[in-house]
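See structure below.
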Amino acid sequence: MTTALCVPVFVKAKLDIEEAIAEAEEALEGTAGMIELRCDAATAKGMSAALDAAHLPVIVTIRPTWEGGFSDKSDAERLALFQEAIEAGADYVDIELAAWEKSRDVRETLTDAAEKNGTRLILSNHCFGGRPADLAERVARLRAVKEAALLKIAWKAESLLDAIDALRLPQQGPPNDRRPMVALAMGEEGLLSRILARKFAAPFTFAVAQRGKESAPGQPTVDELRTRYRWDAQRPDTPLYGVAGWPVGHSLSPDIHNAGFTAINAPGVYVPLPIRPDRFAETVEALRTCPGMHLRGLSVTIPHKEAALLYALEHAAAIDDLSRHIGVVNTLAWDNTGRLSAFNSDYAGALDALVAAWDGRRETLTGKRVAVLGAGGAARAIIAGLVHHGATVVIYNRTPEKARDLAAAFAGGTGKVVAAPWDKLPQSCCDAFINCTPVGMHPHTAATPLEPITEGPCAWSADTVVFDTVYNPQMTRLLKLAKAAGATIVPGTEMFVRQAAIQFAEF
């Protein structure tokens with residue numbers, strides 16, 4: 001069974017129906033597709049015009065306000081509209097479980113009309129307030145309705161675990177009920193349930209023709225699924241890779257890695273994995289043990305790099321000595337046997353990005369004085385690399401104890417490392433300044449962790465390198481200010497692309 005992409009189109013009195021459907025069908029060209037006509041506010045005339053204009057299979061939905069829709073029609077009015085849709089040749093009609101259970105008239109009328117005209121019934125249930133406590137009971141009630149040809153359940157994800165559960169749910173039906181089921185976790189944390197719908201052989205999933213036309217939270221565009229997430233290349237055994245972080249929606253990693261898979265014609269799909277700060281190990285285990293998931297690799301970003309090392313240690317991973325000394329890893333990779341390896345590609349990517357601003361040689365770092373802003377996972381990795389290559393590192397952090405602890409952790413190396421008070425940063429005489437904090441990251445792009453040093457013996461010049469590890473936006477406010485002050489700048493994309501290439505080679 002090929003998973004279809006279903007584009008919702010709202011049928012409204014003032015909407016140009018033909019134009020909206022044409023836009024949806026153009027977006028779907030070249031892939032299995034469907035149109036959902038959302039007739040919440042439609043008249044019978046408008047619905048008929050929409051049905052006439054559609055050239056793909058059509059679902060007619062009239063979602064009432066009491067289940068997250070926009071229809072304030074009475075039950076009788078909705079039923080009459082459903083009847084007209086069936087008689088006009090709708091391929092599917094979507095009726096809510098609650099409406100079905102409440103009204104004998106709904107059950108008998110829709111069953112008779114559907115059987116007579118060949119329309120298939122979709123029985124659905126939605127919870128926009130979070131994961132329903134009675135999820136299993138709702139699924140059982142859906143399965144109890146034998147007249148339904150297809151079942152659908154959707155709820156607002158409360159964590160990535162809900163998306164994983166949504167992917168597993170259709171597989172858990174009884175052997176005597178193999179009807180197709182669409183299970184969706186809505187919202188950003190539920191996006192995985194939409195991205196991997198084809199991999200998990202869902203009958204269809206929802207995507208919009210363009211941003212701003214979503215009918216439920218978290219719907220991607222058709223183009224995002226097909227190009228960014230390799231929809232057409234997904235198979236049940238496609239290996240899964242992803243970037244684990246919180247937040248993670250800004251990450252460019254899916255674009256880079258999926259483009260890489262496409263370029264070398266390799267199987268794999270790389271996805272964003274928004275994992276809450278206290279749920280890393282639990283969520284990774286859920287991904288790893290989910291039947292059909294085939295998790296093979298993770299890029300790990302803020303705030304999970306220390307948790308990733310702990311996870312690796314607890315699972316007897318192969319870890320190189322430098323990554324152990326750094327104390328954080330940003331890559332987890334499983335081989336074909338399930339053996340886990342863990343390493344840190346941040347320091348190599350960062351060092352190569354930094355020295356490219358000079359002569360491209362790591363040896364140039366010997367004797368350089370480098371200010372590092374922050375004391376988190378990225379800072380640890382970069383400091384380890386700088387000290388290893390003989391640089392003098394000055395750590396600035398708003399929590400002085402963390403800066404001192406980090407300096408102590410890397411004392412005794414080839415280079416030198418000291419901690420300095422944050423308020424002394426404007427007087428810092430360094431050859432390079434590296435921002436390892438998230439300050440300036442999207443969406444807080446107006447912020448900067450540091451103002452240019454423009455006066456005195458430490459004033460920035462073309463010989464000063466300002467490197468921001470933030471890569472979204474590419475030109476942070478810090479980099480703009482540094483460039484205006486005459487310094488040489490290194491955007492975070494330089495480090496990001498270099499470390500991603502290292503990860504990609506290991507995946």
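The values are calculated or read from the model by the stated rules, or taken from the named source; none is laboratory data. Fair warning: this is a prediction, and the values are worked out from it, not measured in the lab. With ideal geometry, Cβ positions are generated from the backbone for all residues, glycine too; neighbour counts draw on all protein chains shown. Remember, those area values only see protein heavy atoms, side chains included, never the ligands or the DNA or RNA. Shrake-Rupley method; radii C 1.70, N 1.55, O 1.52, S 1.80 Å.
Taking the range 134-160, which residues are open to solvent by less than 10 Å² (accessible area, probe 1.4 Å) and assigned to a helix (DSSP H, G or I)?
Answer for the range 134-160, where residues must be open to solvent by less than 10 Å² (accessible area, probe 1.4 Å) and assigned to a helix (DSSP H, G or I): Leu142, Leu160.
Given (1) in contact (Cβ under 8 Å) with a residue 60 or more places away in the chain; (2) surrounded by fewer than 22 Cβ atoms within 10 Å (Cβ to Cβ); (3) more than 28 Å from Tyr241 (Cα to Cα), where does Asp352 come up short, assuming only one miss?
Of the numbered conditions (1) in contact (Cβ under 8 Å) with a residue 60 or more places away in the chain; (2) surrounded by fewer than 22 Cβ atoms within 10 Å (Cβ to Cβ); (3) more than 28 Å from Tyr241 (Cα to Cα), the odd one out for Asp352 is (3).
Can you confirm whether Pro254 is closer than 27 Å to Leu169 by Cβ and in contact (Cβ under 8 Å) with a residue 12 or more places away in the chain?
For Pro254, the condition - closer than 27 Å to Leu169 by Cβ and in contact (Cβ under 8 Å) with a residue 12 or more places away in the chain - is met.
What number of residues within the range 171-187 are closer than 22 Å to Leu287 by Cβ and at pLDDT 95 or above?
Count: 7.
Based on this model, can you work out whether Leu97 counts as in contact (Cβ under 8 Å) with a residue 40 or more places away in the chain and buried (at least 21 other Cβ atoms within 10 Å of the Cβ)?
yes
Which pairs have Cβ atoms under 6 Å, sit 6 or more apart or on different chains, and link a residue in the range 108-133 that is touching a residue at least 24 places away in the same chain (Cβ under 8 Å) and buried (at least 19 other Cβ atoms within 10 Å of the Cβ) to one that is in a helix (DSSP H, G or I) and not β-branched (Val, Ile, Thr)?
Cβ pairs passing all conditions: Ala113/Gln83; Leu121/Ala114; Leu123/Leu97; Leu123/Leu142; Asn125/Leu97; Asn125/Arg138; His126/Glu67.
So which residues in the range 472-488 are more than 16 Å from Val439 (Cβ to Cβ) and either touching a residue at least 60 places away in the same chain (Cβ under 8 Å) or touching a Pro at 6+ places or on another chain (Cβ under 6 Å) (or both)?
Correct list: Ala485, Thr488.
Which of the residues spanning the range 158-187 are farther than 20 Å from Thr3 by Cα and without any contact (Cβ under 8 Å) to a residue 40 or more places away in the chain?
Glu158, Asp162, Pro174, Pro175, Asn176, Gly187
If only one of Val208, Val243, Val248 is surrounded by 22 or more Cβ atoms within 10 Å (Cβ to Cβ), at pLDDT below 95 and at negative phi, which one is it?
Answer to the selection: Val248.
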